[in-house]
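Please treat every number below as a calculation from the coordinates, not as lab data. Everything quoted here is computed from the prediction, not taken from an experiment. Neighbour counts run over all protein chains shown; Cβ positions are idealised from the backbone, glycine included.
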Amino acid sequence: MTQLSALARRAEAAGLNASAPPQEAEIDGWLLRLSPGKAKRSRCVNALAEGRLPLAQVLARCEQVFAKSGLPLIIRITPFTQPADLDRRLQNLGWFEFDAADVMVRASLDELPATPGLRPVDGPRYAALVGRLRGSSQVEIEAHAERMQHAPRPYQGFILEGPDGELQALGQIVVEGDIAGLFDIFTPPAQRGQGQALRLCAALLREARSQGAYQAYLQVGTDNAVAKRLYTRLGFEFAYRYHYRSKDPSAAD
């Protein structure tokens, strides 16, 4: 196994831990996440094991659980999904594909540029700030704050401010041992194109390094070319791609 593929597996495991909501269930080796928040990674199925039940039976049971939670059934497909042919089988059943994302990794957190200081903010305030930038509903904001509060690997939210206290950018880190994830990187519209996200991410990585992290990962929309150029400048490289499938048209909203 190459260093990159080993780091990709570490990033996948750490990302699962980082996005864990308090609402979870398990069916035949599949991990069901049932948060009413906006992030799809916290309201989808991660097929982690091949299991013993027929696929139709597992899907029916998952659909019942998601319906009871008022959520459309979404399955996240990664290179590590089991069974390995699940993506093809769902496609043959008419499940559509949406929201592809790239996982990028940085193998070392050495040689980070000097950056302005960050200011930590508590979970509820952070969820409110990022929720307004995302256009989230109050239910989604509250679910985000709940997930931050109860996550097994606590989120740490930070903001970057200008000399007059204006919000320039905000983001989160999740540190698990010697690997850290960057999440929810946002720049207010008025601050875009000024290098704020680059300064923020460099500062977040320095903070993670100070907490013992030596490697990092992040998730970014496959079609977000601007963000991917930024992360490449920061030393991240492509590790793998994942996407979602559903048969419910509302799942892609």
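Below 9 angstrom from the Cβ of H243, what's the summed charge of the other residues (Lys, Arg +1; Asp, Glu -1)? With Lys, Arg at +1 and Asp, Glu at -1, the neighbours total 0. What share of the DSSP beta bridges in the chain is antiparallel, in percent to the nearest 5? Of all bridge pairs located within the chain, approximately 85 percent are antiparallel. Once the chain from K247 to A114 is taken as fully extended at 0.36 nm per residue, the excess over their C-alpha distance is 43.2 nm.
May I ask for the net charge around L34, where only other residues with Cβ less than 13 Å from the Cβ of L34 are counted and Lys, Arg are +1 while Asp, Glu are -1?
With Lys, Arg at +1 and Asp, Glu at -1, the neighbours total +2.
A simple packing score, the average count of other Cβ atoms within 10 Å per residue, orders the peptides 234-245, 175-186 as 175-186, 234-245, with the highest score first. According to the calculation over all Cα-Cα pairs in segment 119-241, the P(r) per 10 Å bin from zero is 13, 44, 38, 6, 0 %.
Label reach from L55 (point 7 Å along Cα→C-beta): in segment 85-108, amide nitrogens under 19 Å belong to 85-98.
Quick query: amide H of I77 versus all other amide H atoms, modeled in the peptide plane; which residues come in under 5 Å with a sequence gap of 5 or more or a different chain? The answer is H243, Y244, R245. Taking θ as phi - 60° and the Karplus parameters 6.51, -1.76 and 1.60, the scalar couplings of segment 144-153 work out to 4, 4, 5, 5, 4, 5, 9, 4, x, 10 Hz in sequence order, x denoting glycine and proline. Packing order of peptides 159-167, 29-37, 96-104, highest average first: 29-37, 96-104, 159-167 (average count of other Cβ atoms within 10 Å over each peptide's residues). More than 27 angstrom separation, counting every C-alpha pair in the chain; what % is that? In whole percent, the share of Cα-Cα pairs in the chain beyond 27 Å is 36.
The magnitude of the dipole of the chain, with charges of +1 and -1 set on the Cβ of Lys/Arg and Asp/Glu and taken from the Cα centre, is near 200 debye.
Kirkwood analysis of segment 103-182, using all unique Cα-Cα pairs, places the hydrodynamic radius at 14.1 Å. Here the sum of -39500 (n - 2.57) over DSSP H runs of 4 or more residues, divided by the residues of the chain, equals -10500 deg cm²/dmol at 222 nm, to the nearest 500.
Could you grab the relative contact order for the chain? Cα pairs under 8 Å, six or more apart, rounded to a whole percent.
Details: 466 pairs, mean separation 68.5, N = 253.
Relative contact order comes out at 27 percent.
How much net charge surrounds R10 when only the other residues with a Cβ under 11 Å from the Cβ of R10 are counted, with Lys and Arg +1 and Asp and Glu -1? Walk me through the intermediate numbers first.
Working: positive: R9; negative: E12, E176, D178.
Net of charged neighbours comes to -2.
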